[in-house]
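*Asks:* Once you've had a glance at the structure underneath, I'll fire off some questions.
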Amino acid sequence: MRQLISRGEYRDALDRAKEIHKSTRTPASEALLVDAYVERIRALIGRGLIVEAKALVELVRDRHPSSRRRLDGLATPAAADRRSLDDLVRPLADPALRVDHRAAIERMVQRDVWDLAALASCEALPAGHGLRTGAAALHRAFVAVTSGPVADEALELPEVSRRSPLAPWKLLARAIAHFHSGNREACEQFLQAIDPESAPARLVPPLRAMLAGEPAAPLPPHRAGAVGAPGLSPAAAALRAAITRKPALVRELEALDRAFASRSRSGILKLIRSAVEECRRESPARLEALKQHISVRCAIADLDANRVIAAIGGRSRHDATFNRLFARALEETRDPERLVLACAMWDEFRRTSAQEGWFADNSPESAAVSLHIAGLLEQLPESALRELQQSGRRNARVSGRDISFLFPDDLYRRACVLDPHPEAFSRWMAWAVRQPGRHADSVAKTWHKIRPQDVEPILHLMDEAEARRAFGDALRYLTKVERIDSLRPDVQRRRLRFLAGSVIDDLRKKRPAQAADAVARLAGLPEAQQGDWPAVVAALRTAVSVVRGDADAMAACRAEVEALLQGHATAAMLLSAVATAAKQRAPLGRVEDLSSDERASLPRALTRVAMLAGELRLALELPRSWMVEVARQFPATREALEVDELRALAQWAGQAGNVQLAYVATVEGLARGGESEAGFLYLRAQALTGSPERRIVCARAAAELARDRQDTELVEQALAIARGPFGSELFSLTFDQARDVLRQEKAASAPPGQRTPEPDYGHLIPRCQCADCRRTRGEPVEPFDDFGIEGEDDVGLELPPDMPPQMVEALLDAAAEAARRGESFDSFASRVLGGRSPGRRRQARRKKRTQR
Amino acid sequence: MIDPTEILGVSAEATDEEIRAAYLLKVRECPPDRAPEQFERVRDAYDMLRDPRRRRRHRVLAADAVSPLAAIFGGQTPSRRFVGPGPWLEVLKGK
C-alpha cells in the first residue's frame with residue numbers, strides 16, 4: 001500500500017487500506033487508513049478540488065475522530081481566498097444536493113468561515129439565499145456590538161435560525177454585547193453555548209481571559225472553572241490589550257488619586273502637572289473642571305496654594321461650580337471648623353449662582369441652599385456656634401458683611417418663606433423646639449399662618465396652650481385639627497382632657513357656673529360615657545358642689561362616684577386628686593378606717609386612679625400611711641394586676657418618691673417578660689435612686705433593648721437617665737450585655753438596702769483612673785500620678801469664689817462641649833478665662849517657687 | 001454619591017417622561033433578579049429624580065468632591081473600550 005502511495009495511486013491505496021481495516025479493525029489498520037485518506041485529500045487539494053477535499057475531510061473526521069488533529073493541518077481556511085469560499089458554498093445553491101453532502105458543507109462553513117462580509121456577498125449563492133442574508137445580518141450585528149452599546153432587539157436576528165451553520169455567530173454577538181455592558185454572567189452563558197468546533201469559538205478564550213482579569217462579582221462555582229485561558233494567541237492578546245487599555249488621562253488621574261489617598265506629598269505636584277497636561281491634550285473641554293477639582297483637593301490636603309496654582313498652570317476659575325465643589329469637600333471632612341467654612345462657601349455659592357444666572361436669589365433653589373446650611377450648622381456644638389455668632393457679629397460691624405448664614409433661625413425662616421413646604425417648616429420646628437425659651441411657639445405660629453392646613457404646628461400650639469392651662473385656646477386648636485383630620489385617634493381623648501382641665505381651672509378661679517357648664521359639655525360627649533370617665537365627671541361635679549357650698553349635691557355626687565367605682569377607697573383617691581387640683585381641701589381619711597377588704601384592694605384601686613390621674617394630668621398624692629399600706633398589700637394582689645396596671649403603679653410610685661413600691665412593681669413587671677421588659681427595666685432605673693451606678697447601667701440596658709424594638713421614645717427616656725445631669729456618655733452596652741443586665745435585674749427581687757446582695761456591674765463601667773480612686777481600690781499609685789490629674793486645684797479652672805452656681809454650671813457645660821469637640825483643656829481655659837493657660841500658670845508658679 | 005442623572009443616562013434638564021423612559025430602559029437592562037445591586041442604584045436614582053423637590057435639591061447641591069478623580073473624569077470611558085470589528089476579526093482570521 002505504501003508503494004501504491006509512493007507511485008501516486010492514491011485511490012487504489014485507499015481501497016486497499018479500507019479492505020485491510022475492514023478485516024482487521026486494529027488501531028494500526030485505522031492509522032494506515034487515515035494515512036491513505038490524508039494522501040487522497042492532499043491529491044484532491046493539489047488538483048484544485050477543494051470542495052471534494054473538504055467533504056472528504058469532514059467524512060474522515062466523523063468516521064475516525066482520532067484523525068482530527070492530522071486533518072486540521074490539511075484544512076485550508078475557507079475564506080482565505082474568495083475562490084475557495086465560492087467553491088465551498090456553490091453546491092448549496094443546488095436544490096438536488098444530497099443531504100449528507102449538504103450537511104458536510106454546512107459543517108465546514110460553521111467551522112471555517114470567519115469572513116461574514118465575504119459570505120454575505122458571495123456570488124456563488126443566489127442573492128436571497130439564507131446563508132447570504134444571515135451572514136449579512138450577522139455582519140451588521142458584529143460590527144455594531146464591537147463598536148458601541150446595542151439594544152437587545154438589534155440582536156434578535158430572526159434571519160439566522162438555530163439550525164443554521166451561522167447560529168454560533170448569533171451567540172457570539174450576544175456574548176460580546178453582554179461583555180461590553182458588564183453583564184458577566186450572561187456573557188459567560190452565551191460563551192458556553194458556542195460550539196467549540198465553530199469559527200466564532202476562536203474568540204471564546206480572549207473573552208474569557210478578559211472576564212477573568214476583572215475584579216467583578218465572582219461567577220458561580222459551577223462556571224468558575226470555565227473562566228480563564230492559558231496562553232492567548234498574539235492576535236487575541238492584542239485584542240485584549242486594545243479593549244482593556246485605559247486612556248492616558250485616566251492613568252494619570254489614578255496615580256494622582258493614589259498620591260492624595262496615601263497623603264504622600266512627595267511628587268504630587270509633578271503628578272498634578274502631568275494630569276493637567278494630559279487633560280489639555282486628551283480632553284481640553286474638561287480642563288477647567290479638572291483644575292477646580294485639583295484646587296479643592298489640594299486645599300483640603302493643606303498643600304501650598306501658590307505651588308498648586310503653578311502646577312495647574314494658573315488659578316482655577318472661582319465661580320459657582322467651584323464654590324459648590326469646595327463647600328461640599330469641606331463638609332465631607334466632618335471637621336467642625338471646616339463645617340463652618342463649608343457654610344460660608346455654600347452662602348457664597350448662593351450668591352455667585354444668582355450672579356451667574358443659575359437661579360434667582362429668591363427662588364426655591366436658593367431656599368434649598370439655606371436649608372442645607374442650616375442643617376450643617378446643626379451639626380456644630382451649640383456653644384461653638386454661639387461663640388461663632390458672637391465673633392461674627394463683631395466682625396460684621398466692621399466689615400458690613402452679611403453673616404445670616406451663621407444663624408439657623410434666619411436660614412430656616414428664609415427657606416420657609418421662599419419655599420413654604422412642610423418639610424422645611426418641620427425642620428425649622430425641630431430646631432426651634434431645642435432652643436431655650438418659647439421660640440418654637442413663634443415658629444409654629446408662623447407655620448400655621450403660612451400653611452393653615454398643616455396639622456403639626458396646630459398640635460404644637462395646642463400642647464403649648466394646655467401647658468399654660470389656656471384650655472379654651474387648646475380646644476379651639478383641637479377643633480381646627482378635627483376639621484383638617486377628623487380621623488386622628490387622639491383627638492377625642494384630648495377633648496375630654498381639655499374640658500376636664502377647663503372645669504378645674506374654673507374651679508380654681510371660683511367660677512362655679514362656668515365650671516358647671518364645662519362639666520355639662522363634658523358629660524354630653526359620647527366618650528365620657530366610656531370606662532371610668534363617668535366617675536371623673538361625677539368627681540368634677542362634686543368639686544363644683546363644694547365651690548357652690550351645696551352639701552346635699554356634694555354628698556349625692558360623692559355617692560355617685562363611689563357607686564361608679566364600686567369602692568370607697570378608689571372614690572376617695574379620685575375625689576382627693578380632683579379636689580387637690582381645684583385647690584380644695586380633700587382629706588383622704590385614715591387608712592385604718594378602711595375595711596379589710598378595701599385595704600386588700602388598695603393596690604388595684606391606686607393603680608386605677610393613677611391611670612386616670614395620668615390621663616387627666618393631675619397630681620395624685622397619698623399620705624404616707626396609705627402608701628405603706630399599699631406596699632404591704634401589694635404582694636398579695638400583684639398577680640391579679642395587668643401589665644399596664646403594673647406599669648402605671650411603678651410610674652406613679654417612682655414619681656411620688658415611693659421607690660420601694662416602684663421597685664416591687666418592677667419586680668412583678670419584669671417577671672411577666674415579653675415586650676414590656678425594656679419599659680420595666682427603665683422604671684427599675686428610675687426606682688434606683690440610691691444606687692447611681694446600677695441606675696445608669698439599667699437605663700443603658702433599657703435603651704439598648706428598646707432600640708432593638710425600635711421604641712425611640714423609650715430609648716430617649718432611658719438615655720436621659722443614663723447620661724445623667726451632665727449629658728455625658730460614660731459608656732455603652734452591647735445588646736448581649738443588655739440582655740445580661742436584664743437577667744440579673746429579674747433575679748434581684750429585693751429592693752436595694754436590704755441584706756441581699758445587689759447585682760455587680762463593675763465590669764461594665766469604666767473605672768476612674770485618678771490617684772485617689774486607684775488608692776481607694778488598693779491599686780498601685782506612682783509618685784507623679786498626683787500631678788496633672790483632675791480634681792487638683794492647681795490643674796483645674798481657677799474660679800472666683802463668689803462666682804454664682806449657675807455660671808459655674810454653664811462653665812462646666814462649656815468645658816464638656818469643648819472636650820467633646822477635641823479642644824484641649826489648656827486651650828479652653830485660655831479662651832474662656834483669657835490670659836495664660838493653666839499649664840503656663842503652673843509653669844510660672846513652679847518658676848517662682850524655684851526662684852524663692 | 002453617584003449622580004442619578006448619570007445612572008439613568010439622562011440630562012439634568014430631562015422631562016418627567018424622559019426620566020421614566022430612561023428608567024424603564026435601565027430596568028430592562030438590569031432586572032432585579034439578574035443584577036440586584038445595579039437595579040437598586042437605578043431605582044434609587046429614579047426615586048430621586050421623579051420627586052421634583054428632591055430633583056431640584058440634588059441639581060442645586062450635588063457636587064462630587066470625594067470620588068477618585070479618575071472616576072469623575074474617566075467615568076465616561078468604559079473599562080471595556082469599543083475597538084470596532086478589526087481586532088476581533090484578526091483573532092478569527094488567525095485561527
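*Asks:* Looking at the stretch A:409-446, which of the residues that are β-branched (Val, Ile, Thr) and closer than 15 Å to A:Ile458 by Cα is surrounded by the most Cβ atoms within 10 Å (Cβ to Cβ)?
*Replies:* A:Val443
*Asks:* Determine if the stretch A:719-734 includes at least one residue that is within 30 Å of A:Pro635 (Cβ to Cβ) and surrounded by 22 or more Cβ atoms within 10 Å (Cβ to Cβ).
*Replies:* No; the residues of the stretch A:719-734 include none that is within 30 Å of A:Pro635 (Cβ to Cβ) and surrounded by 22 or more Cβ atoms within 10 Å (Cβ to Cβ).
*Asks:* Return yes or no: is A:Thr637 out of contact with any Gly (no Cβ under 6 Å at 6 or more places or on another chain), of a type in the set (S, T, N, Q) and closer than 30 Å to A:Leu742 by Cβ?
*Replies:* Yes: the conditions hold for A:Thr637.
*Asks:* Can A:Arg548 be described as more than 56 Å from the chain's Cα centre (by Cα) and at pLDDT below 90?
*Replies:* Considered against the rule, which asks whether it is more than 56 Å from the chain's Cα centre (by Cα) and at pLDDT below 90, A:Arg548 comes out as no.
*Asks:* May I ask you to list the residues in the stretch A:271-300 that are open to solvent by 30 Å² or more (accessible area, probe 1.4 Å) and among the aliphatic types (A, V, I, L, M)?
*Replies:* Of everything in the stretch A:271-300, those that are open to solvent by 30 Å² or more (accessible area, probe 1.4 Å) and among the aliphatic types (A, V, I, L, M) turn out to be A:Leu271, A:Ala285, A:Ala289, A:Ala299, A:Ile300.
*Asks:* Say we look at the stretch A:672-692 and pick out the residues that are among the charged types (D, E, K, R) and in contact (Cβ under 8 Å) with a residue 60 or more places away in the chain; which of these is surrounded by the most Cβ atoms within 10 Å (Cβ to Cβ)?
*Replies:* A:Arg684
*Asks:* Find the residue count for the stretch A:551-574, including only residues that are open to solvent by less than 60 Å² (accessible area, probe 1.4 Å) and either within 15 Å of A:Thr607 (Cα to Cα) or charged (D, E, K, R) (or both).
*Replies:* 8
*Asks:* Oh, and also: Pairs only if they're at least six apart or on different chains, beta carbon under 8 angstrom, first in the stretch A:531-552 and closer than 15 Å to A:Lys583 by Cβ, second at pLDDT below 90; list them, first residue then second.
*Replies:* Taking only residues 6 or more apart or on different chains, the pairs are A:Ala543/A:Gln584; A:Val546/A:Gln584; A:Val547/A:Gln584.
Residue by residue, here is whether (1) closer than 22 Å to A:Arg469 by Cβ; (2) of a type outside the set (A, V, I, L, M, F, W, C) holds:
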residue: A:Lys510; (1), (2): yes, yes
residue: A:Ala515; (1), (2): yes, no
residue: A:Val519; (1), (2): yes, no
residue: A:Leu522; (1), (2): yes, no
residue: A:Gln529; (1), (2): no, yes
residue: A:Ala535; (1), (2): no, no
residue: A:Ala543; (1), (2): yes, no
residue: A:Ala559; (1), (2): no, no
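*Asks:* Check the stretch A:328-336 and report whether any residue there is open to solvent by 30 Å² or more (accessible area, probe 1.4 Å), more than 12 Å from every other protein chain (Cβ to nearest Cβ), within 29 Å of the chain's Cα centre (by Cα) and modelled with pLDDT under 95.
*Replies:* So far as the stretch A:328-336 goes, yes, one or more of its residues are open to solvent by 30 Å² or more (accessible area, probe 1.4 Å), more than 12 Å from every other protein chain (Cβ to nearest Cβ), within 29 Å of the chain's Cα centre (by Cα) and modelled with pLDDT under 95.
*Asks:* Which condition number in (1) outside any helix (DSSP H, G or I); (2) open to solvent by 30 Å² or more (accessible area, probe 1.4 Å) is the one that A:Leu380 fails?
*Replies:* Single failed check for A:Leu380: (2).
*Asks:* Using beta carbons and a limit of 9 Å, which pairs, at least six apart or on different chains, have the first residue in the stretch A:9-24 and in contact (Cβ under 8 Å) with a residue 12 or more places away in the chain and part of a helix (DSSP H, G or I) and the second one open to solvent by less than 70 Å² (accessible area, probe 1.4 Å) and basic (Lys, Arg)?
*Replies:* A:Tyr10/A:Arg40; A:Arg11/A:Arg40; A:Ala13/A:Arg40; A:Leu14/A:Arg40
*Asks:* Ok, one more. Among the listed residues A:Gln389, A:Gln355, which satisfies the condition of being within 19 Å of A:Gln435 (Cα to Cα) and either at pLDDT below 95 or of a type in the set (S, T, N, Q) (or both)?
*Replies:* Just one listed residue meets the conditions, A:Gln389.
*Asks:* Restricting the search to the stretch B:57-85, which residues are at the interface with chain A (Cβ under 7 Å from one of its Cβ atoms), among the basic types (Lys, Arg) and in a helix (DSSP H, G or I)?
*Replies:* Once the filter is applied, which keeps residues that are at the interface with chain A (Cβ under 7 Å from one of its Cβ atoms), among the basic types (Lys, Arg) and in a helix (DSSP H, G or I), the stretch B:57-85 yields only B:Arg57.
*Asks:* Can you name the condition, by its number, that A:Leu303 falls short on among (1) more than 10 Å from chain B (Cβ to nearest Cβ); (2) surrounded by 16 or more Cβ atoms within 10 Å (Cβ to Cβ); (3) in a helix (DSSP H, G or I)?
*Replies:* (3)
*Asks:* Now for a different question. Does A:Leu74 satisfy the criteria of being in a loop (DSSP other than H, G, I, E, B) and modelled with pLDDT under 85?
*Replies:* Here the answer is yes, as A:Leu74 does meet what is asked.
*Asks:* Something else now. Can you find even one residue in the stretch B:71-81 that is modelled with pLDDT of 90 or more, open to solvent by less than 30 Å² (accessible area, probe 1.4 Å) and of a type outside the set (Gly, Ala, Ser)?
*Replies:* Scanning the stretch B:71-81, I find no residue that is modelled with pLDDT of 90 or more, open to solvent by less than 30 Å² (accessible area, probe 1.4 Å) and of a type outside the set (Gly, Ala, Ser), so the answer is no.
*Asks:* Residues of the stretch A:449-466 being more than 31 Å from the chain's Cα centre (by Cα), open to solvent by less than 30 Å² (accessible area, probe 1.4 Å) and not aliphatic (A, V, I, L, M), which ones?
*Replies:* Selection gives A:Glu464, A:Glu466.
*Asks:* Next up: When you check A:Ser316 against the structure, is it more than 26 Å from B:Arg55 (Cβ to Cβ), in a loop (DSSP other than H, G, I, E, B) and open to solvent by less than 50 Å² (accessible area, probe 1.4 Å), yes or no?
*Replies:* So A:Ser316 fits the description; yes.
*Asks:* Can A:Arg469 be described as away from every other protein chain (no Cβ under 14 Å), in a loop (DSSP other than H, G, I, E, B) and surrounded by fewer than 20 Cβ atoms within 10 Å (Cβ to Cβ)?
*Replies:* Working: away from every other protein chain (no Cβ under 14 Å): yes; in a loop (DSSP other than H, G, I, E, B): yes; surrounded by fewer than 20 Cβ atoms within 10 Å (Cβ to Cβ): yes.
Taking the combined requirement at face value, the residue satisfies it.
*Asks:* For the stretch A:276-298, name all the residues that are of a type in the set (Gly, Ala, Ser) and within 10 Å of chain B (Cβ to nearest Cβ).
*Replies:* A:Ser283, A:Ala289
*Asks:* Does A:Val630 satisfy the criteria of being crowded, with 16+ Cβ neighbours inside 10 Å, touching a Ser or Thr at 6+ places or on another chain (Cβ under 7 Å) and assigned to a helix (DSSP H, G or I)? First the steps, then the outcome.
*Replies:* Details: crowded, with 16+ Cβ neighbours inside 10 Å: yes; touching a Ser or Thr at 6+ places or on another chain (Cβ under 7 Å): no; assigned to a helix (DSSP H, G or I): yes.
Against the criterion (crowded, with 16+ Cβ neighbours inside 10 Å, touching a Ser or Thr at 6+ places or on another chain (Cβ under 7 Å) and assigned to a helix (DSSP H, G or I)), A:Val630 does not qualify.
*Asks:* Is there a residue in the stretch B:33-41 that is within 10 Å of chain A (Cβ to nearest Cβ) and in a helix (DSSP H, G or I)?
*Replies:* Within the stretch B:33-41, the first condition is being within 10 Å of chain A (Cβ to nearest Cβ), and the residues that meet it are B:34-35, B:37-38.
From what's left, in a helix (DSSP H, G or I): B:37-38.
The answer is yes; a qualifying residue exists.
*Asks:* Which ones in the stretch A:496-550 are acidic (Asp, Glu) and either closer than 17 Å to A:Ala571 by Cα or surrounded by 19 or more Cβ atoms within 10 Å (Cβ to Cβ) (or both)?
*Replies:* Scanning the stretch A:496-550 gives A:Asp505, A:Asp506, A:Asp532.
*Asks:* Here's something else I'd like to know. If we scan the stretch B:43-56, do we find a residue that is open to solvent by less than 90 Å² (accessible area, probe 1.4 Å), of a type in the set (A, V, I, L, M, F, W, C) and within 13 Å of another protein chain (Cβ to nearest Cβ)?
*Replies:* No, that holds for no residue.
*Asks:* Separate question: Just a yes or no: is a residue in the stretch A:693-710 at pLDDT below 90, open to solvent by less than 20 Å² (accessible area, probe 1.4 Å) and not in a helix (DSSP H, G or I)?
*Replies:* Looking for residues that are at pLDDT below 90, open to solvent by less than 20 Å² (accessible area, probe 1.4 Å) and not in a helix (DSSP H, G or I), one finds none in the stretch A:693-710, hence no.
*Asks:* Residue check: is A:Ala342 in a helix (DSSP H, G or I), more than 9 Å from chain B (Cβ to nearest Cβ) and surrounded by 17 or more Cβ atoms within 10 Å (Cβ to Cβ)?
*Replies:* Spelling it out, A:Ala342 is indeed in a helix (DSSP H, G or I), more than 9 Å from chain B (Cβ to nearest Cβ) and surrounded by 17 or more Cβ atoms within 10 Å (Cβ to Cβ).
*Asks:* State all residues of the stretch A:662-690 that are of a type in the set (S, T, N, Q) and within 26 Å of A:Glu629 (Cβ to Cβ); if no residue qualifies, say none.
*Replies:* Within the stretch A:662-690, A:Thr666, A:Gln686, A:Thr689 qualify.
The values are calculated or read from the model by the stated rules, or taken from the named source; none is laboratory data. Note that this is a predicted model, so its numbers are computed, not measured. Positions of Cβ are backbone-derived with ideal geometry, glycine not excepted, and every protein chain shown enters the neighbour counts. Accessible surface areas use protein heavy atoms only, side chains included; no ligands, DNA or RNA. Shrake-Rupley method; radii C 1.70, N 1.55, O 1.52, S 1.80 Å.
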